[in-house]
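A.B. asks: Just dropping this structure here.
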Amino acid sequence: MDDIATIAALRTRLDADRAAGRRIGFVPTMGFLHEGHLRLVDAARAANDVVVLSVFVNPLQFAPGEDFERYPRNIDRDRTLAQARGVDVVFAPPREEMYPEPIELRVMAGSTASLWEGAVRPGHFDGVLTVVAKLLNIVEPDVAYFGQKDIQQVTLVRAMVRDLNMRTALHVMPTVRETDGLAMSSRNVYLTPPQRSAARALSQSLQAIVVAWRNGEHNTAALIERAQSLVAAEPLVTPDYIAVVEPQRLHATDRAERGNIAMIAARVGTTRLIDNMILDE
Ligand code: AMP
């Protein structure tokens with residue numbers, strides 16, 4: 001496995017792969033890898049000749065006061081895990097490599113970015129799209145792999161790739177969960193044992209929506225109410241939003257249809273967690 005920190009060195013390596021006709025799969029992450037990330041790696045490994053994994057905690061997508069400084073990092077462990085899953089190249093650039101000062105411009109996300117996560121975290125998706133655009137321009141992968149867990153991110157990256165005519169194909173992988181249903185996240189390490197236990201309420205409330213929908217309840221307000229009452233029973237969990245949305249632009253629906261997405265964001269202590277489930281999986 002190659003460990004590369006500069007854009008120039010990565011390009012030299014990948015240009016050679018491309019010249020040899022090798023197909024490049026790319027998994028962008030912020031590191032502190034867990035099984036959710038590694039399933040993206042597995043999918044990339046299965047369908048490409050070269051697998052590139054980036055590890056970069058992107059300062060642009062954190063607002064002042066968010067957890068940029070304390071975001072969990074362990075690059076040595078990430079390297080070991082990546083190597084064991086067959087990653088060919090780890091790209092872990094320092095901040096100055098990605099953002100030499102001054103930063104003149106960034107990608108501006110469209111209206112979908114003002115909803116949900118974007119409403120709670122203004123500017124977050126501009127930061128996400130800027131780093132994803134840079135990484136796609138640097139790696140020029142045939143396919144890039146993203147997780148369903150960050151549904152709004154996937155929706156906006158898809159829009160960017162389409163609107164800016166990027167060549168990369170996107171592949172979205174299902175959310176990987178702990179055995180009790182909690183969606184895996186690097187941020188789960190912030191949770192104290194009581195908070196970790198309470199955090200089950202997120203996936204349970206989404207599951208309740210899915211089950212009620214399967215049983216014929218298609219009124220969105222009624223579905224959300226069920227989820228809200230489950231979350232309300234858990235005093236350590238404070239929801240930011242619970243919603244049922246259509247998959248194209250994530251607009252809330254009145255009647256929940258197959259393919260709609262139930263979403264939740266909640267704070268557990270100082271940790272913000274998000275999750276979603278598709279009707280009907
Ligand atoms: P992050 O390191 O949190 O920026 O995530 C990097 C990629 O892994 C993103 O495409 C995420 O959507 C994806 N991802 C994170 N957690 C999970 C999970 N539990 N299941 C599937 N994909 C995930």
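No value in this document is a laboratory result; all are computed from the given coordinates. The structure presented is a predicted model; accordingly, all values stated were derived computationally and were not measured. Methodologically, a virtual Cβ is constructed for each residue, glycine included, from the backbone with ideal geometry; neighbour enumeration extends over all protein chains shown.
A.B. asks: List residues of segment 120-148, by number, whose backbone nitrogen lies under 20 Å from a label position 7 Å along Cα→C-beta of L105.
C.D. replies: Label zone hits: 123-140.
A.B. asks: Do you know the relative contact order of the chain, to the nearest whole percent, from alpha carbon pairs under 8 angstrom that are 6+ apart?
C.D. replies: Contact order relative to length: 17 percent.
A.B. asks: Report, please, the projected area of the chain averaged over directions, based on the convex hull of its C-alpha atoms, in nm².
C.D. replies: 14.8 nm²
A.B. asks: Can you say what percent of the DSSP beta bridges in the chain, counting only those with both residues inside, are antiparallel? Round to 5. Walk me through the numbers before you get to the answer.
C.D. replies: Values: 19 of 38 bridges.
Antiparallel: roughly 50 percent of the beta bridges in the chain.
A.B. asks: Quick check: the distance between the Cα centres of segment 51-113 and segment 206-281, to the nearest angstrom?
C.D. replies: Rounded to whole Å, the Cα centres lie 29 Å apart.
A.B. asks: So what's the back-of-envelope 222 nm ellipticity for the chain, counting only DSSP H runs of four-plus at -39500 (n - 2.57) apiece and dividing by all residues, rounded to 500? Working shown, then result.
C.D. replies: Numbers: 10 runs with 108 residues, N = 281.
Using -39500 (n - 2.57) per qualifying helix, the result is -11500 deg cm²/dmol.
A.B. asks: Going 7 Å from the Cα of R22 along its beta-carbon direction, which residues of segment 58-91 have the amide nitrogen within less than 18 Å of the resulting point?
C.D. replies: Answer for segment 58-91: 82-91.
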